[in-house]
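The values are calculated or read from the model by the stated rules, or taken from the named source; none is laboratory data. Only a predicted model underlies this, so the values are computations on that prediction, with no experimental measurement involved. Cβ coordinates were reconstructed from backbone atoms using ideal geometry, including for glycine residues, and neighbour counts include every protein chain displayed. What goes into the accessible areas is simple: the full protein's heavy atoms, side chains included, and nothing from ligands, DNA or RNA. Shrake-Rupley method; radii C 1.70, N 1.55, O 1.52, S 1.80 Å.
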Amino acid sequence: MPRLPETPARLAAALLDWYQRAKRDLPWRGSRDPYAIWVSEVMLQQTQVQTVLGYYVRFLRDFPTIEALAAAELPAVLARWSGLGYYARARSMHAAAKAVVARGGFPRSIEGLRELPGFGPYTAAAVGSIAFGLPEPAIDGNAVRVYARLTGLSAPRAAAEKLLREAARPLLAAAPPSELNQAVMELGATLCAPASPACLLCPWSAPCRARALGLQEAIPPPRERPARRPMTLAAAVWRDARGRLLFARRPPRGLFGGLWELPAVEVSAARDGGDIAEALAGWLRDGLGARVAVGERLGEVSQQLTHRDLRVVAFAATGHGRARAPASPRGYVEARFVAAADLTDLGLSSVTRKLLALPAVKGERPSTGAVQAIVPSR
DNA sequence: AAGTCGGGGGA
DNA sequence: TCCCCAGACTT
């Protein structure tokens, strides 16, 4: 069990003195609104401050209160989340907003908060301490690094989290919980960095056990991460006579759950050009029941995910006669043709935005005649 | 306990 | 290219 190297009172005093001088001015700092604090905590999960800033301001502008969020439709919420990633966060937040409004306000205990969708150990502690002053250590990636170095604990992150939460608990009784938790995370985000920590500026450098041992760069050990597997998709760029593009909505769970995208099918990564087009043609016929031909290859985009190396190849699809959106697209919940002006209302992933930005996709016009039809292979 | 789930910043 | 980011949820 890791132990604090100093009295909680002294550690807290040194940290808070530094925090008052060094803290960054961020939009959610100083807000007393539990809803605004909660929104920031959810957006900041696995996401750096810099990335969140713009999303946070726009989200609170469109959903200024928890009542507004609870009353909104999920597609509008996903549209505001578009590009931020980990879309389950938006789905959970919407569900939790409904629950909070229904019960007349946030629970005021850690256990109560933990019952809300999307409230794990960290988020419950962060919202509980910052909004309600509950003395619960908020253990995020920054806090693990700071506390592990302070106490000299060298253990894998999963095990370290629980141990450090208990080791840090006395600190939360020695200072205002809101300030203390935020100060630890600020320290981890600005000075106590994963590599090359700025120990000379750190308020805890004197008591820091890792520094005393010269192990500040070795603690905590790097996280094991799974290999990225390649994944190749073929996407159809299919316009109706009015130039609207066909989009399909993915099922609510799983990768890109609930988002809209150009209808696509996964193909073997080993296939190249012609083969991918053939696979797409077969899927358009069998999976969409679409009477279309696959035409020109319009380009490709790629996107690195945590565990996947995503590559999407876009092909023009050309219909015979009047275009009609498929009623039951395989692998999707629904499909419809969407005008360019209406795209801002849809939750789109970043890779879909990249596809739409391809010159050959943007510039493609409704086709009027001859296409290079590709006969699906059996 | 291990996988899954996005996307980007910074070295 | 690699590591990580104010993690949660499923299996």
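Before we move on, is A:Gly289 closer than 27 Å to A:Leu358 by Cβ and either surrounded by 22 or more Cβ atoms within 10 Å (Cβ to Cβ) or without any contact (Cβ under 8 Å) to a residue 12 or more places away in the chain (or both)? The answer is no for A:Gly289. Note on the range A:179-200: residues that are more than 11 Å from DNA strand C (Cβ to nearest atom) and either within 21 Å of A:Trp28 (Cβ to Cβ) or over 28 Å from the mean Cα position of the chain (by Cα) (or both) amount to 6. Entry remark, the range A:194-204: residues being open to solvent by less than 40 Å² (accessible area, probe 1.4 Å) and free of Cβ contacts under 8 Å to residues at least 12 places away in the same chain number 1 in total. For the range A:109-121, what are the residues that are touching a Leu at 6+ places or on another chain (Cβ under 8 Å) and open to solvent by 20 Å² or more (accessible area, probe 1.4 Å)? Matches in the range A:109-121: A:Ser109, A:Ile110.
Looking at the range A:1-113, the helices (runs of 4 or more DSSP H) lying wholly inside it that each contain 3 or more residues that are more than 29 Å from A:Arg353 (Cβ to Cβ) and away from DNA strand C (no atom under 11 Å from the Cβ) sit at A:8-22, A:88-103.
So that you can scan it fast, the table gives a plain yes or no per residue for (1) farther than 19 Å from A:Ser82 by Cα; (2) of a type in the set (Val, Ile, Thr); (3) more than 16 Å from DNA strand C (Cβ to nearest atom):
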{"residue": "A:Gly258", "(1), (2), (3)": "no, no, no"}
{"residue": "A:Ala277", "(1), (2), (3)": "yes, no, yes"}
{"residue": "A:Thr306", "(1), (2), (3)": "no, yes, no"}
{"residue": "A:Ala314", "(1), (2), (3)": "yes, no, yes"}
{"residue": "A:Gly319", "(1), (2), (3)": "yes, no, yes"}
{"residue": "A:Ser328", "(1), (2), (3)": "yes, no, yes"}
{"residue": "A:Tyr332", "(1), (2), (3)": "no, no, yes"}
{"residue": "A:Arg353", "(1), (2), (3)": "no, no, yes"}
{"residue": "A:Pro359", "(1), (2), (3)": "yes, no, yes"}
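Of all residues in the range A:61-114, those being touching a Pro at 6+ places or on another chain (Cβ under 8 Å) and among the aromatic types (Phe, Trp, Tyr) number 1. Is it the case, given these coordinates, that A:Glu224 is on the phi < 0 side of the Ramachandran plot, surrounded by fewer than 22 Cβ atoms within 10 Å (Cβ to Cβ) and not in a strand (DSSP E or B)? The answer is yes for A:Glu224.
Table: residues versus (1) out of contact with any helix residue (DSSP H, G or I) (no Cβ under 7 Å at 6 or more places or on another chain); (2) of a type outside the set (A, V, I, L, M, F, W, C); (3) open to solvent by 30 Å² or more (accessible area, probe 1.4 Å); (4) away from DNA strand B (no atom under 15 Å from the Cβ).
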residue: A:Ser178; (1), (2), (3), (4): no, yes, no, yes
residue: A:Gly188; (1), (2), (3), (4): no, yes, no, no
residue: A:Ala206; (1), (2), (3), (4): yes, no, yes, yes
residue: A:Gly214; (1), (2), (3), (4): yes, yes, yes, yes
residue: A:Trp238; (1), (2), (3), (4): yes, no, no, yes
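Checking each residue in the range A:137-160 for being of a type outside the set (S, T, N, Q), away from DNA strand C (no atom under 12 Å from the Cβ) and open to solvent by 10 Å² or more (accessible area, probe 1.4 Å) picks out A:Gly152, A:Leu153, A:Ala155, A:Ala159.
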